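Visitor: Please see the structure below; I have some questions.
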Amino acid sequence: MSEEARSEEARSEEALPTASPARTRALVGELLRPRRGLALAAFAVMVGATAFGLLPQPLLGHIVDLVAEGRPAAELTGPAVLLVLVAVLQGGATALGLTLISRLGETMLAALRERFVERALLLPQERVERAGSGDLTARVTGDVSRVAESVRNAMPELVRSLLAIVLTLGALALLDWRFLVAALLAVPVQAHTARWYVRNAVPLYARQRVAAAGIQQRLLDTIGGAETVRAFRMEDEHTGRVANASRAAIELTMRGVRLVVGFYSRLHIAEYVGLAAVLFAGFLLVRDGTASIGTATAAALYFHSLFGPINNALVLLDDAQSALAGLARLAGVATLPPEPEPEPGQETATGQGREVTVAGAGHAYEAGRPVLRGVDLVLRPGEQVALVGASGAGKSTLARIVAGVQRPSAGTVRLPAARPGAARAVVLVTQESHVFAGPLAEDLRLARPGAGEEELRSALDLVGALEWADALPEGLETVVGEAGHRLTAAQVQQLALARLVLADPEVAVLDEATAEAGSAGARALERAAARAARGRTALVVAHRLTQAATADRIVVMEDGQVMESGTHEELLALGGGYAALWEAWSDTRATAE
């Protein structure tokens, strides 16, 4: 097996789960339960609409009998008027029924999307990283779109077709049971076709969705690392990887096309067998005087009217199987059980006093390669602690563990309870803050939904952002983010710090929250961060040592361990790793100046 194939196999094994058919059905039942009234109303209306649709055939058969018997033309008026009335009633009932089915499907789909997003946001970061962002992105985009398309188009038509099939077969039996027996001769061919198709289509469409996720991951990797790819002249290699993934997906698509062609061919055989049987039965019954020509005509029309619903139902299996594959992938995330309770010695507890206590914390993203090793750290109430160290020392990992974003592989973390009125005890601000599309005021209210304008302005003022916020075209109502007013990197970080102020947590974790400002705005943003963290216990991953120097205590990390701890003056006097870092930092600044 090639290295690339092994890589793809490993990625597939680490992908987010796909729900089993039983779990998928259970989720659908759970989503349907609070909407049972709407489902029953939609079903009842569609049954009525389908029943109206069964009246034209016997009316036409009656007209045939009237003509065959040589009755006066005036006697045709009544059946003709009834045909028009039936068409109007069927059209109205069908429109209402399809509307109710669409409303049912859309509300269930909305609930499924909410469940998926809610659960996806709670996934451990390392699990998403192992699966690859392409897997999650493909589910949020491609799978949701496929299920939505099925809900809007395939599901209403499938319900309508299945009702038409069942009620039409019942109408054939009412005409004469022998017509029903003749029509059922087509069923073995259709059933065999459906079983053959489902048996081959289910795994094929599941593989297609995985292949689509693989393409998306390849594209994300290539585009995200475009600068590195160009720097190392790896364009051809990455293009080849994308091309290989695309060829694999195209081959799966062509297999699907061949499957559908064979599917249609077998359906045509079933239609021929059934119609020939019904016509022959009608011939025998009319010859024996058991049935009239009109009755035989109605039977033939009934079976002919089944072509559309049966073909639609079977053809919609194509959309249904693809949608079910997507639904199973969405359900795989939406039905994930809560994260297991921490094992003894690997726990995270809240409400134990006001201190933050990290005891023996260890963590590894890959087995055998720990990034934290037995870290012990206590943050006293209101204390500002700065984490410093070389890249890869474990600072950000420790910060995310304290913030609750990641769970330690070993050790314990104990946090204080949330402040009265605050939603969370700990809030994390990183250098990669996001501006949500919408009014600036609503972006701020994500941290405190009920905050008034004065509270918003006060938070912005505290972090030095009120001046530029007031200068926006519509002030706090200015639309920012995607397709709105673009904020600078420093303004984005000030917005994140203002959210921190509004959230009012007991503990603030700042992971290089001032790194995106650049040297020009670094000092201003550092002051804003200090004001936002004032009065709280704060753990700061310092991007600049000037930020660390003002902290109450500095913790120096190296190779996943705490090597030094003390104030700026104490560590300089110690002459260890921090003193060396400070000297190098000071020399760099002096040279730059």
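Visitor: If you rank Ile165, Ile401 by how much accessible surface each has, with a 1.4 Å probe, what is the order from largest down?
Guide: Descending accessible area places them as Ile165, Ile401.
Visitor: Out of Leu204, Leu31, Leu98, whose Cα points farthest toward the positive end of the dipole of the chain (charges: +1 Lys, Arg; -1 Asp, Glu; placed on Cβ)?
Guide: Of the options given, the answer is Leu98.
Visitor: Just to be sure I understand: of the beta bridges DSSP finds with both ends in the chain, what percent are antiparallel, rounded to 5?
Guide: Among the beta bridges of the chain, antiparallel pairing accounts for roughly 45 percent.
Visitor: In whole Hz and in residue order, list the ³J(HN,Hα) couplings for the range 271-278 that follow from phi through the Karplus curve 6.51 cos²θ - 1.76 cosθ + 1.60, θ = phi - 60°; x for Gly and Pro.
Guide: 4, 4, 4, x, 5, 4, 5, 5
Visitor: Using a Förster distance of 45 angstrom, determine the FRET efficiency expected from the C-beta separation of His268 and Thr137, and round it to 0.05.
Guide: My answer for the efficiency is 0.65.
Visitor: About the Cα centre of the chain, how large is the charge dipole given +1 on each Lys and Arg Cβ and -1 on each Asp and Glu Cβ? Please answer in debye to the nearest 20.
Guide: Computed about the Cα centre, the dipole is about 1920 debye.
Visitor: State log₁₀ I(q)/I(0) for the chain at q = 0.08, 0.10, 0.11 Å⁻¹ as given by the Debye formula over alpha-carbon point scatterers of equal weight, solvent excluded.
Guide: Computed log10 I(q)/I(0) values: -0.77, -1.01, -1.14.
Visitor: With every protein chain left in place, what is the accessible area per residue of the chain in square angstrom, probe 1.4 Å?
Guide: Accessible surface, normalised per residue, equals 50 Å².
Visitor: So what's the net charge close to Ile554: Lys and Arg +1, Asp and Glu -1, counting the other residues with Cβ under 14 Å from its Cβ?
Guide: Every neighbour counted, the sum reads -3.
Visitor: Still on this structure: For the charge dipole of the chain, defined by +1 on Lys and Arg C-beta atoms and -1 on Asp and Glu C-beta atoms about the Cα centroid, which residue among Leu495, Ser246, Ala313 has the Cα displaced farthest towards the positive pole?
Guide: Comparing the listed Cα positions along the dipole, Ala313 ranks first.
Visitor: Here is a further query. When the chain is fully extended, how far beyond the present Cα-Cα distance does Glu442 get from Ala68, taking 0.36 nm per residue of separation?
Guide: 127.1 nm
Visitor: Using a 7 Å offset from Cα along Cα-Cβ at Val242, what residues in the range 205-227 end up with backbone N under 19 Å from the label point?
Guide: Within reach of a label on Val242, which here means backbone N under 19 Å from a point 7 Å along Cα→Cβ, the range 205-227 contributes 211-227.
Visitor: Can you give the FRET efficiency to the nearest 0.05 for Ser458 and Ser102, using r as the Cβ-Cβ distance and R₀ = 30 Å?
Guide: With R0 = 30 Å, the Cβ-Cβ based efficiency is 0.05.
Visitor: Order Met155, Met557, Met108, Met563 by their accessible area, 1.4 angstrom probe, all chains in place, largest first.
Guide: Met563, Met155, Met108, Met557
Visitor: Here's something else I'd like to know. Full extension from Trp468 to Val166: what is 0.36 nm times the residue separation minus their Cα-Cα distance, to one decimal in nm?
Guide: 102.0 nm
Visitor: Beta carbons within 10 angstrom, averaged per residue: use that to sort the peptides 43-54, 467-478, 530-541, 371-382, highest first.
Guide: Listed from highest to lowest mean packing, they are 530-541, 43-54, 371-382, 467-478.
Visitor: Where a ≥ b ≥ c are the square roots of the eigenvalues of the C-alpha gyration tensor, would you call the range 178-265 rounded, which needs a/c under 1.5, or, failing that, prolate if a/b is larger than b/c, or oblate?
Guide: Prolate shape, in that a/c is at least 1.5 and a/b is the bigger ratio.
Visitor: Gln406's amide H: which non-local residues (gap 5+, or another chain) put their own amide H closer than 5 Å, with H modeled 1.01 Å from N in plane and none for Pro or chain starts?
Guide: Ile401
Visitor: For Val540, which sequence-distant residues (separation of 5 or more, or a different chain) have an amide H within less than 5 Å of its own amide H, given hydrogens modelled in the peptide plane?
Guide: Val385, Ala386, Leu387, Leu510
Visitor: Still on this structure, please answer the following. Each residue of the range 57-64 in turn: what ³J(HN,Hα) in whole Hz from Karplus with 6.51, -1.76, 1.60 and θ = phi - 60°, glycine and Pro shown as x?
Guide: Listing the rounded values in order: 4, x, 5, 5, x, 5, 5, 4 Hz.
Visitor: HN-Hα J couplings of the range 249-265 from phi, Karplus 6.51/-1.76/1.60, θ = phi - 60°, integer Hz, Gly and Pro as x?
Guide: Karplus-based 3J(HN,Hα) across the range 249-265 equals 5, 5, 4, 5, 5, 5, 4, x, 5, 4, 5, 5, 4, x, 4, 5, 4 Hz.
Visitor: Please report the net charge: other residues with Cβ closer than 15 Å to the Cβ of Gly282, K and R +1, D and E -1.
Guide: With Lys, Arg at +1 and Asp, Glu at -1, the neighbours total -1.
Visitor: Could I ask something else about it? Please get the size of the charge dipole for the range 8-114, origin at its Cα centre, with Cβ charges of +1 on Lys and Arg and -1 on Asp and Glu, quoted in debye to the nearest 20.
Guide: My answer is approximately 440 debye.
Visitor: Now a separate question. Normalised by the empirical 2.2 N^0.38 Å for globular proteins, what value does the Cα Rg of the range 380-433 take?
Guide: 1.26
Visitor: Which percent of the accessible area of the chain is formed by carbon and sulfur heavy atoms (probe 1.4 angstrom)?
Guide: Answer for the chain is 59 percent, counting heavy atoms of protein chains only.
Visitor: Using Cα pairs under 8 angstrom and six or more residues apart, how large is the relative contact order of the range 15-96, in percent?
Guide: Averaging sequence separation for qualifying contacts and normalising by length gives 40 percent for the range 15-96.
Visitor: Taking 8 Å as the Cα distance limit and 6 or more residues as the minimum spacing, I'd like the relative contact order of the chain as a percentage.
Guide: Relative contact order comes out at 15 percent.
Visitor: Using protein chains only and a probe of 1.4 angstrom, how many square angstrom of Leu82 are accessible, to the nearest 10?
Guide: Approximately 80 Å² for this residue.
Visitor: As I understand it, the dipole of the chain uses +1 on the Cβ of Lys and Arg and -1 on the Cβ of Asp and Glu, about the Cα centre. Which of Leu472, Ala111, Ala171 lies farthest toward its positive end?
Guide: The listed residue farthest towards the positive side: Ala171.
Visitor: Ser246: accessible area at probe 1.4 Å, nearest 10 Å²?
Guide: 40
Visitor: Separate question: Around Lys395, under 9 Å between beta carbons, what's the net of Lys plus Arg minus Asp minus Glu among the other residues?
Guide: So the surrounding residues net to -2.
The values are calculated or read from the model by the stated rules, or taken from the named source; none is laboratory data. Please read these numbers as outputs of a predicted model, since none were measured by experiment. No Cβ is skipped: glycine too gets one built from the backbone with ideal geometry, and neighbour counts run over all protein chains shown. Just so you know, the surface numbers come from the protein's heavy atoms only, side chains and all, with ligands and any DNA or RNA stripped out. Shrake-Rupley method; radii C 1.70, N 1.55, O 1.52, S 1.80 Å.
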